[in-house]
Structures are given as structure tokens and as C-alpha cells.
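Student: Have a look at this one before I ask anything.
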Amino acid sequence: MRLFTRLREDRGSAVVEFALVTPLLLLVALAVLQVILALHVRSTLTAAAAEGARAGALAGAGLAIAESRTRDVLGDALGGDAAQDVVASRTRLEGVEVVRVRVTARLPLLGTLGPTALTVEGHAIAERS
């Protein structure tokens, strides 16, 4: 008899537990989604900067080609206005002339936490003409 009394007291507790746990699970799922999205954007920006640097490092190519190629790759991968700023320059790293492409872009955030902009660089050894 005592067992049946206890079962009657537990009725409705599953609904309350569901209501308490669901927001926490939703918050964790959104946080994981945000991290995945930020890592994807960072990886795509880095690949585009490296591709632009390789295009600009070819013999006879200029820095405008590096910037243009980077913007084209980003436009295809993330959309037309993903990059806020693309700057290509020639510099020396450890005595070797390289083409450096620096990309600054906005991060698509689900909330207000974290950085709103991300800057990455890509390098390629410049060919001699």
C-alpha cells in the first residue's frame, strides 16, 4: 500500500524536471553551436588569406591580386561582405621575402559574449621575377 502512495506523490514531477532541465540543455547546445561557427569562420578566413598570399607571391603578380583573390575566396565561402578589411603587404620573415595577407572580419555571434571581430594572416614565399 505504501508503494502506491509514493507513486501518487511523484505524479507530475517529470513535467517539472523537463521544464527545469530544457533551458540548460538549450543553453549548452547554443554555446556548442557558437564555438563551431566561430571555428569554421576562423578556418575559412585563414585559408582565404593563405590562398591570397599564394596568388600575390607568384612572379609578376602584385599585391592587388593578393587582395582580390582573398576577397573572391571569402565571397564564395562566407558571402559577399564577410571581410571588413583585407590588406596585402610584402615583408621579410627570418630573412625571406614573403607576401602577407591580413584579413579582419566580423564573427557571426549568437549572443554578445566573445570578440566581435577576428584578424588572421596568411603568408607565402615571394617568387623572384
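The values are calculated or read from the model by the stated rules, or taken from the named source; none is laboratory data. The model shown is predicted, which means the values in this text are computed figures rather than measured ones. We place every Cβ from the backbone using ideal geometry, glycine too, and count neighbours over all the protein chains shown.
Student: Is there a residue in region 73-87 that is surrounded by 13 or more Cβ atoms within 10 Å (Cβ to Cβ), farther than 12 Å from residue 44 by Cα and not β-branched (Val, Ile, Thr)?
Tutor: No; the residues of region 73-87 include none that is surrounded by 13 or more Cβ atoms within 10 Å (Cβ to Cβ), farther than 12 Å from residue 44 by Cα and not β-branched (Val, Ile, Thr).
Conditions (1) modelled with pLDDT under 90; (2) closer than 18 Å to residue 108 by Cα, marked per residue:
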site: 19; (1), (2): yes, no
site: 23; (1), (2): no, no
site: 26; (1), (2): no, no
site: 52; (1), (2): no, no
site: 66; (1), (2): no, no
site: 70; (1), (2): no, no
site: 76; (1), (2): yes, yes
site: 79; (1), (2): yes, yes
